[in-house]
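A.B. asks: Structure provided below as structure tokens; questions to follow.
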Amino acid sequence: MRKPYIAANWKMNMTNQETERFINAFLPMVKGITSVDILIAPSFVSLGTASRLLESSNVILGAQDVYFEESGAYTGEISPTMLLSARCSCVIIGHSERRQYFSETDEIVNKKIKNARKNNLEVILCIGESLEEREANRTFEVLDGQLSGSLKDLSLEGMTIAYEPIWAIGTGKTASKEQANEAHAYIREWLRKNKEGADSIRIQYGGSVKPENIVDLMSQPDVDGALVGGASLKPDSFAGIVTGAAQK
Ligand code: 13P
């Protein structure tokens, strides 16, 4: 039995003040929920504020990225040690927006995961196909390439996979529950063939998840949670997703 895992990826949204207002409103809404793992990944700038407010709560603190070196002359980058010092226990790596706008390759993603895991940070690895790739029936081939490149020489320990079809991100177009489960089942099968622990790893779905569709998505056997963008920016809508997932 895999525990449902709901994560907020705030992307480039929320100031420190907005982070504080959000968390103060959100925590009472999810108080006492222990059947779902809940994570918030604010911007780097808000990690300190979030860390202070989430201390001894049931919400885990995550970051949206990390660099693959330990320290040094890499202006603008953030190391695993810095994330740990902000009491972050998890990091999102390989988001499609980073692949698209910041030229992240599977090789870079792989180096980042290795650095995060070496420092005992948990990782949410994002993968997913574009609309063009889906329409050309290349979804599974794209997932194969991303999984083998990103997970090269890595075990599944401390890992979560987020399947985020690019065409469903921020577009209001959610994958149907069947489309989501088909991709998740494919990913799990790939992991079974290539790694140990495929049956216990959690696979989140991401792409226009809202309180209105979470129950449907979670009804699928291989959907273990969600990575949420837009709908995680309002306390009541993110709490609605968490409580929906708690029904699984
Ligand atoms: P939306 O929920 O806004 O579609 O974003 C999904 C996402 O990219 C989460 O990482």
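A.B. asks: Cα-Cα over 26 Å: which of Lys11/Lys112; Lys111/Lys193; Lys31/Lys112; Lys112/Lys173; Lys114/Lys173?
C.D. replies: Numbers: Lys11/Lys112 18 Å; Lys111/Lys193 22 Å; Lys31/Lys112 33 Å; Lys112/Lys173 30 Å; Lys114/Lys173 33 Å.
Violating the 26 Å limit, Cα to Cα: Lys31/Lys112; Lys112/Lys173; Lys114/Lys173.
A.B. asks: If every alpha-carbon in region 150-240 counts as one equal scatterer, what log10 I(q)/I(0) does Debye give at q = 0.19, 0.20 1/Å?
C.D. replies: -0.85, -0.92
A.B. asks: Let me ask something else. Give the Rg/Rh ratio for region 68-181, taking Rg as the radius of gyration of the Cα atoms and Rh as the Kirkwood radius, to two decimals.
C.D. replies: Numbers: Rg = 15.1 Å, Rh = 15.1 Å.
When Rh is taken as the Kirkwood radius, the ratio is 1.00.
A.B. asks: Sequence neighbours fewer than 8 away in the same chain don't count; with that in mind, list the lysines whose C-alpha is under 21 Å from Lys118.
C.D. replies: Lys152, Lys195
A.B. asks: Okay, next question. With each pseudo-label sitting 7 Å past Cα toward Cβ, what's the Asp216-Ala198 distance in nm, one decimal?
C.D. replies: The two pseudo-label positions are separated by 2.9 nm.
A.B. asks: Can you compute 3J(HN,Hα) from phi for each residue in region 40-53, using the Karplus curve 6.51 cos²θ - 1.76 cosθ + 1.60 with θ = phi - 60°, rounded to whole Hz and x for Gly and Pro?
C.D. replies: Running phi through 6.51 cos²θ - 1.76 cosθ + 1.60 with θ = phi - 60° gives 10, 10, x, 5, 4, 4, 8, 4, x, 4, 5, 4, 4, 6 Hz.
A.B. asks: Now a separate question. If I model a spin label as a point 7 Å beyond the Cα along the Cα-Cβ vector, how far apart are those points for Arg52 and Asp144 in nm?
C.D. replies: Between Arg52 and Asp144, the simple spin-label model gives 5.1 nm.
A.B. asks: Can you send over the carbon and sulfur percentage of the accessible area for the chain, probe radius 1.4 Å, protein chains only?
C.D. replies: Details: 5620 of 11180 Å².
The nonpolar share, carbon plus sulfur, comes to 50 percent.
A.B. asks: Can you tell me the accessible area per residue over the chain, all protein chains present, probe 1.4 angstrom, in square angstrom?
C.D. replies: Accessible area per residue: 45 Å².
A.B. asks: Quick one: which residues, 5 or more positions from Leu39 or on another chain, have an amide H under 5 Å from its amide H? H modelled 1.01 Å from N in the peptide plane, none for Pro or chain starts.
C.D. replies: Ile6, Ala7, Ala8, Ile60
A.B. asks: Out of Asn16, Gln179, Asn115, whose Cα points farthest toward the positive end of the dipole of the chain (charges: +1 Lys, Arg; -1 Asp, Glu; placed on Cβ)?
C.D. replies: Value computed over the given set: Asn16.
A.B. asks: Now for a different question. One quarter of the convex hull surface, Cα atoms only: what value does that give for region 130-182 in nm²?
C.D. replies: Values: hull surface 17.7 nm².
Convex hull of Cα atoms, orientation-averaged projection: 4.4 nm².
A.B. asks: Ok, one more. Once fully extended, how much extra length lies between Ser176 and Phe102, figured as 0.36 nm per residue of separation less the alpha-carbon to alpha-carbon distance? Walk me through the numbers before you get to the answer.
C.D. replies: Numbers: separation 74, 0.36 × 74 = 26.64 nm, distance 2.89 nm.
Length gained between Ser176 and Phe102: 23.7 nm.
A.B. asks: Can you give the extra length, in nm with one decimal, that the chain gains between Asn24 and Met1 once fully stretched, where that is 0.36 nm per residue apart less the Cα-Cα distance?
C.D. replies: Numbers: separation 23, 0.36 × 23 = 8.28 nm, distance 3.14 nm.
My answer for the length gained is 5.1 nm.
A.B. asks: Can you divide the C-alpha Rg of the chain by 2.2 N^0.38 Å and report the result to two decimal places?
C.D. replies: With N residues counted in the chain, Rg over 2.2 N^0.38 Å equals 0.94.
A.B. asks: If I model a spin label as a point 7 Å beyond the Cα along the Cα-Cβ vector, how far apart are those points for Met82 and Glu135 in nm?
C.D. replies: In this crude label model, Met82 to Glu135 measures out at 4.0 nm.
A.B. asks: Continuing with the same structure: Any chance you could run the full-extension gain for Thr75 through Leu154? It's 0.36 nm times the residue separation minus the Cα-Cα distance, nm to one decimal.
C.D. replies: That pair, Thr75 and Leu154, stretches by 25.7 nm at full extension.
A.B. asks: Another question, then. I need the Debye-formula profile for region 50-125: one equal scatterer per C-alpha, no solvent, reported as log10 I(q)/I(0) at q = 0.19, 0.26, 0.27 1/Å, two decimals.
C.D. replies: Values returned for q = 0.19, 0.26, 0.27 Å⁻¹ are -0.77, -1.23, -1.29.
A.B. asks: Pick out, in residue order, every one of the GluC sites (Glu not before Pro) in region 44-129 that is DSSP loop and has at most 10 other C-beta atoms within 10 Å; say none if there are none. Working shown, then result.
C.D. replies: On the way: sites: Glu55, Glu69, Glu70, Glu77, Glu97, Glu104, Glu107, Glu122, Glu129; in loops: Glu55, Glu69, Glu70, Glu77, Glu104, Glu129.
Here the GluC sites (Glu not before Pro) that fit, given the DSSP loop and packing criteria, are Glu55.
A.B. asks: Contact order normalised by length for the chain, with contacts defined as Cα pairs under 8 Å and 6 or more residues apart; what percent is it? The partial results should precede the final answer.
C.D. replies: Numbers: 481 pairs, mean separation 54.4, N = 248.
Once divided by the residue count of the chain, the mean separation gives 22 percent.
A.B. asks: Mind listing the Cα extents of region 1-142 along all three principal axes, in Å, largest one first?
C.D. replies: 46, 39, 30 Å, listed from the longest principal axis down.
The values are calculated or read from the model by the stated rules, or taken from the named source; none is laboratory data. Predicted model, so just to flag it, every value in this text is computed and none were measured. Cβ coordinates were reconstructed from backbone atoms using ideal geometry, including for glycine residues, and neighbour counts include every protein chain displayed. Areas reflect the complete protein model, heavy atoms only, side chains present, ligands, DNA and RNA absent. Shrake-Rupley method; radii C 1.70, N 1.55, O 1.52, S 1.80 Å.
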